[in-house]
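So the structure is just underneath, and the comments pick up after that.
Computed from the coordinates by the stated procedures, all read-outs in this text should not be read as laboratory data. Keep in mind it's a predicted model, so treat the numbers as computed, not measured. Quick reminder, even Gly has a Cβ in these numbers, built from the backbone with ideal geometry, and neighbours come from all protein chains shown.
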Amino acid sequence: MAIIKPFSCVRPSSGLAEQIAALPYDVYNRREATEYVRSHPLSFLRIDRADTLFDESTDMYADCVYEKARELFDDMISRGEFISDPEEGYYIYELTMEGRAQTGIVACAAIDDYQNNVIKKHENTREDKELDRIRHVDALSAQTGPIFLAYRTNRVIKSVVAETKMNPPIYAFEAEDGVWHRVWKMVRPADIERVLRAFEQISDIYIADGHHRAASAVKVGLKRRSEHPDYDGTEEFNFFLSVLFPDEELMIMDYNRVVQDLNGYMPEEFLEEIGQCFEVESVGAVPYAPERKGTFGLYMDGVWYKLTANPEICSPDPVRGLDVSILQEVILDPILGIRDPKSDKRIDFVGGIRGLKELERRADSDMRIAFSMFPTSIHELFAVADANRLMPPKSTWFEPKLRSGLFIHRFER
């Protein structure tokens, strides 16, 4: 049983949503974030990355950075750039990219469900990355970047969402990257009750993206519990901001690899080595996107190759059977000597949103070869999480990205 509750939302006032909504804080390095904030003075990135308002001599994790974030947040509320809905409710959030739409429910999930594995994970988190968001959430007493959750499609929820979307949206705008964002507020108490009860019948919710944000929000909630030993579980710090999408609407993009060298092999020797486990077919100069699971693209010296895994290296195991695992265990580790892709500087990862031409560019400049991947499916992600296992690093790339600043969950009144 999942507790997915409505909440009192802090959100942009009418006409400001497009200017405030921002891509997630971690898609920018410090220089990029600073340049963006300079040209977008209302962007929520100023609050998510308040380090952009200090010179580079200031540690981006200094106390003054988090204090500035809280100051900026309070100022935007006091100026009326953010409004607070007095009543609790759900919000419907639709993102459309290149004609393809996905629609989620904005709500609050329970930290207890995270703790007891009703909300399932498929990725480990790093303490250093958690610490930054813990301090940010704690300083603001608010969660500002929603966690991307997924669930198996539910008929009742699907019906209520469709009915709600027949009303005029409260926000509708096209972002700079061409993604359309539309938001509706669910106002009828009967609809809210139907959604709440439907989620109670769902036994498994999955973190699709945002493991570090989720872990950070939960740890702040646990910290507040320790500070309020008389808590009864209904306080807002017991819940964290989420957007929940049905599996049938989600698309995971490919997450490709580029490698710096051939680990001492000549090109012909390298192809001969991988030919022991793959059928290797030259497909010429046209970029090759794998068309099914078990196939891979290899770009080297201006030529694309199609690699088809031999049956004996495929596995029914939910982790070993992933294409990213096959590539790692059969080529990257034993042939190219990349034991730990998380720390090895000879490998880099390129999200599918950047296209196959980016793989060619990298392999022809700072790298040597590139691998194009068939995307991990949402059901493969579910299978790994259901088995209480972890996916290899950089297994999934979700697009479009949820915007920060459109929905804020405050747990301090």
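A few points about this structure:
- Candidate lysines for bridging to Lys129, where Cα separation is under 21 Å - those fewer than 8 sequence places away on the same chain excluded: Lys68, Lys120, Lys121, Lys219, Lys223, Lys342, Lys345, Lys394, Lys401
- Modelled label positions at His228 and Glu193, each set 7 Å beyond Cα in the direction of Cβ, lie 2.7 nm from each other.
- Cut-off 14 Å between beta-carbons: net charge of the residues surrounding Cys314, Lys and Arg +1, Asp and Glu -1: -3
- 3J(HN,Hα) along region 261-269, derived from phi through the Karplus expression 6.51 cos²θ - 1.76 cosθ + 1.60 where θ = phi - 60°, amounts to 7, 9, 6, x, 7, 7, x, 5, 5 Hz, with x in place of Gly and Pro.
- Note on region 67-188: with charges restricted to the Cβ of Lys and Arg (+1) and Asp and Glu (-1), its dipole about the Cα centre is near 680 debye.
- Spin-label model, Ser8/Glu98: points 7 Å from Cα along the beta carbon direction are separated by 4.3 nm.
- Theoretical FRET efficiency, 1/(1+(r/R0)^6), r = Cβ-Cβ of Gln276 and Lys357, R0 41 Å, to 0.05: 0.85
- Converting phi to 3J(HN,Hα) with the Karplus coefficients 6.51, -1.76 and 1.60 and the offset θ = phi - 60°, region 130-140 yields 5, 4, 4, 6, 4, 5, 5, 4, 5, 5, 7 Hz in sequence order, with x at every glycine or proline.
- Taking a sphere under 15 Å around the Cβ of Ser282 and counting the other residues whose Cβ falls inside, with K and R at +1 and D and E at -1, yields a net charge of -4.
- Between the listed residues Ile252, Thr52, Leu196, the Cα displaced farthest toward the positive end of the dipole of the chain, a dipole computed from Cβ unit charges relative to the Cα centre, is found at Leu196.
- Taken one residue at a time, the phi angles of region 329-345 give Karplus couplings (6.51, -1.76, 1.60, θ = phi - 60°) of 7, 10, 10, 4, 7, x, 9, 8, x, 9, 6, 10, x, 6, 10, 6, 6 Hz. Gly and Pro are set to x.
- Total formal charge among the other residues, if their Cβ is under 11 angstrom from that of Phe349, Lys/Arg +1 and Asp/Glu -1: +3
- The relative contact order of region 252-408 comes to 40 percent, based on Cα pairs under 8 Å that sit 6 or more residues apart.
- Residues with amide H under 5 Å from that of Val350, placed H, sequence gap 5 or more: Asn256, Arg257, Val258
- Computed E for Glu32/Met266 - FRET, C-beta separation, R0 35 angstrom, nearest 0.05: 0.35
- Inter-site label distance for Glu174 and Leu250 at 7 Å from Cα along Cβ, in nm: 2.9
- Residues with amide H under 5 Å from that of Ile170, placed H, sequence gap 5 or more: Val183, Trp184, Lys185
- For Gly89, the residues whose amide H sits under 5 Å from its own are Phe7, Ser8, Cys9, ignoring neighbours fewer than 5 places away on the same chain, with H placed 1.01 Å from N.
- Cα shape, region 255-374, gyration tensor, a/c 1.5 rule: rounded
- Rounded if a/c under 1.5, otherwise prolate or oblate - region 77-147, Cα gyration tensor axes: oblate
- Dividing the mean sequence gap of close Cα pairs (under 8 Å, 6+ apart) by how many residues the chain holds gives a relative contact order of 24 percent.
- In this Cβ point-charge picture (+1 for Lys and Arg, -1 for Asp and Glu), region 252-345 has a dipole of about 380 debye about its Cα centre.
- Low-density loop positions, GluC sites (Glu not before Pro), region 199-244 - DSSP coil, at most 16 other Cβ in 10 Å: Glu235
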